[in-house]
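Visitor: A single structure is presented below for examination.
The numbers here are math on the coordinates, done by the rules we state, and not lab data. Everything quoted here is computed from the prediction, not taken from an experiment. All Cβ positions, glycine included, derive from the backbone under ideal geometry; neighbour counts span all protein chains shown.
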Amino acid sequence: MLEKDEHFPFNDLMEINVLNLERLPVDEESKLLDWLRFLKAEKEEDFRMLAAKNPI
């Protein structure tokens, strides 16, 4: 990848992380998994349930 205007390579200036939300464990519980489930949620009731579980 190159910088948009000056076209120099980003090299170690950029990091890309990919989250595969389809592979989340169903039976485990943690704050991180709650956040990932929140990102994956499609229904408003799911958002509300996860937000009530961890208001932060």
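Visitor: Given ILE16, MET1, VAL26, which one lies farthest toward the positive end of the charge dipole of the chain, if we put +1 on the Cβ of every Lys and Arg and -1 on the Cβ of every Asp and Glu?
Guide: It is VAL26.
Visitor: Please give me the summed charge of the neighbours of LEU24: other residues whose Cβ is under 14 Å from its Cβ, Lys and Arg +1, Asp and Glu -1.
Guide: -3
Visitor: Could I ask something else about it? Net charge within 14 Å of ILE56 by Cβ-Cβ distance, Lys/Arg positive one each and Asp/Glu negative one each, not counting ILE56 itself?
Guide: Net of charged neighbours comes to +1.
Visitor: Let me ask something additional. Work out how much length LYS53 to GLU3 would gain on full extension: take 0.36 nm times their residue separation and subtract the Cα-Cα distance, in nm to one decimal. Don't skip to the end; give the middle numbers.
Guide: Details: separation 50, 0.36 × 50 = 18.00 nm, distance 4.11 nm.
Here the segment from LYS53 to GLU3 would lengthen by 13.9 nm.
Visitor: Among 19-26, 33-40, how do they line up by average Cβ neighbours within 10 Å per residue, starting with the highest?
Guide: Numbers: 19-26: 8.5, 33-40: 14.4.
Ranked from most to least packed, the peptides come out as 33-40, 19-26.
Visitor: Another question about this same structure. Do the sum for the chain: with -39,500 (n - 2.57) for every DSSP H run of n ≥ 4, divided by all residues, what is the mean residue ellipticity at 222 nm, to the nearest 500 deg cm²/dmol?
Guide: Helix contribution divided over all residues of the chain: -10500 deg cm²/dmol.
Visitor: Still on this structure: Sum up the charges of everything whose Cβ sits under 15 Å from the Cβ of ARG37, counting Lys and Arg as +1 and Asp and Glu as -1, but leave ARG37 out.
Guide: -3
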